[in-house]
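Have a look at the structure below before the remarks.
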Amino acid sequence: MNDESGEVIGYQSAMDMPTFVKLKKQADGLKLLGTLLPKKDRDKIRELTGEMEKLAADVDGFYEKLGPRHWIFHDRLPTSIVRDEILASASVDDAEDALCAIYEDTDRMRFMVMSMMRFPEMRARKKLIEHARRDFDEQRYYAVVLLLLTLMDGFVNDVQSMHKGLHARDAEEVQSWDTAVGHHMGLTSTQASFRKSYSKRVDTEVYDLARNGILHGNITNYDNRIVACKAWNRLFAVVDWASSLEKAAVPEDPDPTWPEVLKQLQDLNEQKKANGAWVASAGTANTPDEYALHPSMAFASEFLTLWMRSNWGHLSSHFMRVGKGEAGKATPKEIRSAFAPYKLDGFRILSYETKSPAIAEVQAELEMGGQIFPAVLRMTFTADNGDVRVEGIQGGAWRMVWRSPDMFNRDLWKVANF
């Protein structure tokens, strides 16, 4: 996207993003160590460098194919589908169809939507987002478009003290730091069509997310799959923009010294050894006394007991950190907002299974509204600062992955009291 002076707004290529620049610089520096590194580590560096370059090529290829149609590459897009289906499509129409199929995957969308809920400004709109998801599944596209346009305007208005909605911002104001959304064909490029004024009525079918024309009633034929999918696409993009504001506000770590690089390699080798020593396990519990069989079940019991008692203060400390500093912690207010509508009357822990050195799943039954709901509680083993650790070998504790209660069982919303 060019501004009025002709200057390009955004990264010319994904390889220009600060993270890619820094990773390439570090990889080049590690290569200079030469024989100081074992062959397998040298091979790993080459492999990681190759993956980085492929990912950047995927982003650039996506924008080359779909950027002219105002689609945005956001962080929640599965790179395997982008690479194997979207970029491999024979035509732009086929690529667009493959992209829409991502948003039409109900289970995938649940997780994509869930990831946005770390923002309190988005959690305040959770009920409306769920309405939009149900309308989308039932192909009420006109309702999805109207609702998501208002949601993204309100979200953008809330996340900065300047209080301006998406519709009121020019391209420079939505430039995203260190994210694929910040590509010069990304969010900045779509603002022109998003804000374009329509003074006359347009009755022909429209396939662009033309906010001005839609909300002012001058575009009458936008009730289609493409525009609805573009509304989801834009919503996820503005969430990435909000994330970029957080990243940009964090002082960048200075480049590591060579002793620090060697220390990082040593830590990496220790982590690999711990991973190699880890042994998967699983077990069942027939009585509460057997919850002590594994720390994940004991943790799940403590978590559910606090929820049942509405102890939001202590419950908030049971979630894993999702960022640096205090901002990365869940707050009692946020937990109350998410969990209070779901009154937990009782529970039973059934079993646990460790899925990886730092991930466990606990099967449970939740009693709500006179009904019993099977539930899956997913947790990670982390240090206090959020770093992943190997359970049973390295220091850390089990903590819940941030999920709203209806992610434990999709039917819980039926007994919620919003």
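None of the figures in this text is laboratory data; all of them are computed from the coordinates on show. Model, not experiment: these values are computed from the prediction. In this analysis, Cβ positions are derived from the backbone assuming ideal geometry, glycine residues included, and neighbour counts consider all displayed protein chains.
Observations
- Pairwise centroid distance, computed over Cα atoms, of the range 275-319 with the range 404-418, Å: 20 Å
- Our summary gives the chain a relative contact order of 13 percent, counting only alpha carbon pairs under 8 angstrom and 6 or more residues apart.
- Here is how the number arises for the chain: DSSP H runs of 4 or more residues each give -39500 (n - 2.57), the sum is divided by the residue count, and the result at 222 nm is -14500 deg cm²/dmol.
- Rough spin-label spacing in nm, given labels placed 7 Å along Cα→Cβ, for Glu290 and Ser13: 5.9 nm
- For the range 398-418, the residues whose backbone nitrogen is under 19 Å from a point 7 Å from the Cα of Thr331, taken along Cα to Cβ, are 402-404.
- The modelled label-to-label distance between Asp345 and Lys164, using points 7 Å beyond Cα along the C-beta direction, is 5.2 nm.
- For the chain, a crude dipole built from +1 on the beta carbon of Lys and Arg and -1 on the beta carbon of Asp and Glu, taken about the Cα centre, is about 700 debye to the nearest 20.
- One equal scatterer on each Cα of the range 56-96, no solvent, Debye formula: the resulting log10 I(q)/I(0) at q = 0.21, 0.34 Å⁻¹ is -0.56, -1.43.
- Taking each residue as 0.36 nm, the span from Glu367 to Leu23 lengthens on full extension beyond its C-alpha to C-alpha distance by 119.0 nm.
- For peptides 193-205, 173-185, 47-59, 65-77, sequence by mean Cβ density within 10 Å, most packed first: 173-185, 65-77, 47-59, 193-205
- Residues Ala57 and Ala124, FRET efficiency given R0 of 41 Å [Cβ-Cβ distance, rounded to 0.05]: 0.60
- The computed mean projected area of the Cα convex hull in nm² for the structure shown corresponds, within (i) 21.5; (ii) 23.3; (iii) 30.4, to (ii).
- Modelled spin labels at Val401 and Glu64, positioned 7 Å past Cα toward Cβ, are 3.4 nm from each other.
- Difference of contour (0.36 nm per residue) and Cα-Cα distance, Ala280 to Ala101: 60.9 nm
- Geometric extent, Cα atoms of the range 329-418 - Rg, Dmax (angstrom): 14.5, 42
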